[in-house]
Amino acid sequence: MATVLVTLKSSKIYKDGTSPVILKVRANGKVAEIQLCKVPVKQWLEEKERVRSNYPHAAELNEIIQHKKDAAEKLILSLEKQGKFINPDVIVNAQATGNQTFTEYLEKFVKGRSERGNIHTAEKYQSHVTIITEFVKAKSVHFDEMTDEWITRFLNWERRRGTSPNTVHRRIAFIKTVWNDARKRGFVSHDPFAFVEVKEVKTKKVRLTSDEIVAIENLDLPIDQNIHKARCAFLLQYYLRGARISDVLLLKPENIVSGRIEYVSIKTGAIQSVGIHLKLKKLLEHMLDYHRPYIVPLMKWHYEAKLTQEENERKMWAQVESRTSEVNYQLKRIADLIGTTKKITTHIARHTFARMVDSVEPDKRKVSAMLGHSSFGMTEKYLESLRDDDLDKAVEIVFG
């Protein structure tokens, strides 16, 4: 009689303190087994053959465990009905975790982010999944097919189709993120990136000068047109210490509290509180004259009770991206009007503020805090290319 058992091999402990969860099949005097996942010994319920519910990803791990056990038992039952010899190795091989495709895991990973409320991140990830699916031409790719040779072919394919180096870098970073997630859960053990390196290409960050900011402020623009509203959004970003455009577009009059602008950054979740200085005060007074739900009169999104939280967030992000594109289009027109060849985008407001405050504030802790960075290293990396102009001026002085 064949038996299927799921157990924890506590005699084996990995460096991360976990032990393998094993699917063990016994039949005809022979035993075969495969690893399903790995968990700490204290997180395993031996009698119930389950991971404790308070362990991270317990629901997903238990689903995998139950699915594999059920599938093994179903296969054994089918073979018994047909009167066929039951070989434990055959049963085990049929349930190998490598049978789950990497492309299926990609979709599941993105769906998980969406279900946890990271809607915008999930949508960005989905764009990577779409490209990867295009590369494999809708063919499923198994975990064991994911080798350094596969990664290299994917890289060459991306380069041939003209994808920018930094987009390729982000794409590979996404694949690594998903792969590491699968490895932590015990799906895979090999590393297809061991001999593949994709470097991020350093790009020069554009910033505006004080004169160019003044020129934008002084432009005579019709207040009822989007070009003026885009100018206001850009200046609001700049006056709010380089705020991100998504945060600025979603600002409402109720974010003005006791002489300050207070909001929660969508990207980081950090609370931002900016004192209303004279220029910001003047701009806000003008913007509030529009009497719209949002300070920048471009957004029209509102929460709909009939929709789910996820559906509402998707609609919000779709409009934020649409309005950001409109602002960037108008900023191109503004660049022409002030006579600069620089490509002005919403993010340039952040670059410009970052460099200007860096030039007057010696305490880099304050600079880092103003930009909402989690570390000085991140701030230094951000500011590095913004200081190139200063280095150029120093060279001019040296060489006359």
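Here Lys205 fits the description: outside the structural domain of Glu134 (by TED's automatic domain parsing) and either modelled with pLDDT under 90 or part of a helix (DSSP H, G or I) (or both). Close contacts from the stretch 314-326, counting a first residue that is touching a residue at least 40 places away in the same chain (Cβ under 8 Å) and assigned by TED's automatic domain parsing to the domain that holds Leu250 and a second that is among the polar types (S, T, N, Q) and buried (at least 16 other Cβ atoms within 10 Å of the Cβ), with Cβ to Cβ under 7 Å and a gap of 6+ residues or different chains, come to Val320/Ser246; Thr324/Thr346; Glu326/Asn226.
On the stretch given as the stretch 257-292, residues that are surrounded by 15 or more Cβ atoms within 10 Å (Cβ to Cβ) and touching a residue at least 12 places away in the same chain (Cβ under 8 Å) total 10. Considering only residues in the stretch 315-355 that are at pLDDT below 85 and of a type outside the set (Ser, Thr, Tyr), the one that is farthest from Gly117 (Cα to Cα) turns out to be Arg355. Name the single residue, out of those in the stretch 130-146 being loosely packed, with under 14 Cβ neighbours inside 10 Å and of a type outside the set (D, E, K, R), that is nearest to Phe102 (Cα to Cα). Checked the stretch 130-146; the qualifying residue nearest to Phe102 (Cα to Cα) is Ser140. Within the stretch 261-301, the only residue that satisfies the criterion of being assigned to a strand (DSSP E or B) and over 28 Å from Thr121 (Cβ atoms) is Gly275. Arg207 fulfils the conditions (1) out of contact with any His (no Cβ under 6 Å at 6 or more places or on another chain); (2) buried (at least 18 other Cβ atoms within 10 Å of the Cβ) except for a single criterion, (1). Within the stretch 9-25, restricting attention to residues that are in contact with a helix residue (DSSP H, G or I) (Cβ under 9 Å, 6 or more places away or on another chain) and surrounded by fewer than 17 Cβ atoms within 10 Å (Cβ to Cβ), the residue that is nearest to Lys84 (Cα to Cα) is Ser10. Residues in the stretch 251-266 that are out of contact with any helix residue (DSSP H, G or I) (no Cβ under 7 Å at 6 or more places or on another chain) and either under 26 Å from Thr345 (Cβ atoms) or charged (D, E, K, R) (or both): Leu251, Lys252, Glu254, Asn255, Arg260, Val264. Restricting Glu212, Glu254, Glu217, Glu197 to residues that are under 30 Å from the mean Cα position of the chain (by Cα) and either closer than 27 Å to Asn118 by Cβ or at pLDDT 90 or above (or both) narrows the list to Glu254. Taken together, Glu134, Glu104 contain a single residue that is assigned to a helix (DSSP H, G or I) and under 26 Å from Glu63 (Cα atoms), which is Glu104. Restricting the stretch 77-105 to residues that are more than 27 Å from Ile175 (Cβ to Cβ) and among the β-branched types (Val, Ile, Thr) leaves a set whose member that is modelled with the highest pLDDT is Ile86.
Any residue at all in the stretch 317-338 that's over 21 Å from the mean Cα position of the chain (by Cα), surrounded by fewer than 12 Cβ atoms within 10 Å (Cβ to Cβ) and over 20 Å from Lys124 (Cα atoms)? Checked the stretch 317-338: at least one residue is over 21 Å from the mean Cα position of the chain (by Cα), surrounded by fewer than 12 Cβ atoms within 10 Å (Cβ to Cβ) and over 20 Å from Lys124 (Cα atoms).
Condition check: modelled with pLDDT under 90, under 30 Å from Leu106 (Cα atoms), acidic (Asp, Glu) and surrounded by 13 or more Cβ atoms within 10 Å (Cβ to Cβ). Does Asp181 satisfy that?
yes
Condition check: at pLDDT 85 or above, crowded, with 16+ Cβ neighbours inside 10 Å and either out of contact with any Leu (no Cβ under 9 Å at 6 or more places or on another chain) or among the basic types (Lys, Arg) (or both). Does Lys42 satisfy that? Taking the combined requirement at face value, the residue does not satisfy it.
The values are calculated or read from the model by the stated rules, or taken from the named source; none is laboratory data. These figures come from a predicted structure and were not determined experimentally. With ideal geometry, Cβ positions are generated from the backbone for all residues, glycine too; neighbour counts draw on all protein chains shown.
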